[in-house]
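Right, one structure below, let's go through it.
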Amino acid sequence: MQYTQIPVDTFKNIQLNAGIIVDSFAPATGEIGNLVGATTGGINFADNPEFVDFGEDIDNCPKNTMELKVLDGRDVNISGTFVTVTPELAKRLSGAADFATGDATHIVPRNDLSRADFTDLWWIGDYSDKNSGATTAGYVAIHMMNTLSTGGFQIQSTDKEKGQFAFEFTAHTSLSSPTTVPYEIFVKEGTAQA
Amino acid sequence: MNKLQTLQAFWSGFGIPAYDENSVPDEAQLPYITYDVSVDDFGNSVAQTASLWYKSTSWRDITEKEMEIAEFVGRGGRMIAYDNGAMWIRKANPWAQRMSDSDTVKRMILNLEIEYLD
């Protein structure tokens, strides 16, 4: 069948496995920072653009006219479920929270936000047919800027099962750079290990 | 190499002979690996089993070999290229099972899942 085909290099362009969430990543070297936690069920990242159709209330104007379409904003978030928790992760999941003075095991939520509650996160997943080696592995990486836990701290315990911590982090634009979309994507094919 | 040659090369890469389980020569000497062969097209995963065979009264050597293979495959699997494609080899559940065929021959079955990407 003529139209039942796949690209010949498909196997070089497939993202594999669930990936990881880390607090830093250097795309040039492949050096990863600290893993935020272990997840289950995969991870969902979504950039949900919001559009305004300036022509929708104009008589005789077709719906979705490209010249009158305006990008109004983006809702950028990542969600999933952790199956591990540490004091640092619990604080991060609480969003607006601090450690109690002198006690890094005691997390105290706040009712107001501080700039320190917004931190960058990276999602990194295996990519391409060459995906081994600290500096040679292919990857798809998403850098999310100024993320805040907008899903709040949640725990779902179950009899005879591991506790689960659903999460949702939302990336934020900063007034210091209002035109910067708060995420960027890196797609790099791997290279052969020496 | 085609996908079948690549599969043979994969199993032969662990320092002991490897044979298609239907083609083990009569003169083959333990230890060796036997593996079944099933292939498919893009998007389909196929189950594969392999067996480690060691002549020993101890499980030590065969377990070390199992651990060597497990480390090579890794938690996320191992992608191995062949002509015009690649196979994604992953550990299946359970990964390894000990079988007791006799007191002097040790066998360990390895369960894998292979997705052919071509």
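The values are calculated or read from the model by the stated rules, or taken from the named source; none is laboratory data. A quick note: this is a predicted structure, and the numbers were derived from the prediction, not measured. A quick note on method: Cβ atoms are made from the backbone with ideal geometry, for glycine too, and the neighbour counts reach across all protein chains shown. For the accessible areas, the whole protein counts, side chains as well, though only heavy atoms, and no ligand, DNA or RNA atoms are used. Shrake-Rupley method; radii C 1.70, N 1.55, O 1.52, S 1.80 Å.
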Hey, can you tell me all the residues within the stretch A:122-175 that are outside any loop (DSSP other than H, G, I, E, B), in contact with a Leu (Cβ under 9 Å, 6 or more places away or on another chain), within 14 Å of chain B (Cβ to nearest Cβ) and of a type outside the set (Ser, Thr, Tyr)?
A:125, A:126
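Report whether or not residue A:77 is away from every other protein chain (no Cβ under 14 Å) and either surrounded by 19 or more Cβ atoms within 10 Å (Cβ to Cβ) or touching a helix residue (DSSP H, G or I) at 6+ places or on another chain (Cβ under 6 Å) (or both). Walk me through it before giving the result.
Values: away from every other protein chain (no Cβ under 14 Å): yes; either surrounded by 19 or more Cβ atoms within 10 Å (Cβ to Cβ) or touching a helix residue (DSSP H, G or I) at 6+ places or on another chain (Cβ under 6 Å) (or both): yes.
Against the criterion (away from every other protein chain (no Cβ under 14 Å) and either surrounded by 19 or more Cβ atoms within 10 Å (Cβ to Cβ) or touching a helix residue (DSSP H, G or I) at 6+ places or on another chain (Cβ under 6 Å) (or both)), residue A:77 qualifies.
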Among B:49, B:57, B:6, which is surrounded by 14 or more Cβ atoms within 10 Å (Cβ to Cβ) and not in a strand (DSSP E or B)?
B:6
Selection count, the stretch B:76-110, where residues are charged (D, E, K, R), within 14 Å of chain A (Cβ to nearest Cβ) and over 16 Å from the mean Cα position of the chain (by Cα)
1
Cβ contacts < 6 Å: first residue open to solvent by less than 20 Å² (accessible area, probe 1.4 Å), restricted to the stretch B:72-94; second residue acidic (Asp, Glu) and not in a strand (DSSP E or B), any location; separation 6+ or different chain. Result?
B:79/A:129; B:85/B:118; B:86/A:129
Filtering the stretch A:1-34 for residues that are open to solvent by 60 Å² or more (accessible area, probe 1.4 Å), within 22 Å of residue A:142 (Cβ to Cβ) and within 13 Å of chain B (Cβ to nearest Cβ) leaves a count of 4
Which of (1) more than 23 Å from residue A:10 (Cβ to Cβ); (2) surrounded by fewer than 12 Cβ atoms within 10 Å (Cβ to Cβ) is the odd one out, the single condition residue B:65 does not satisfy?
(2)
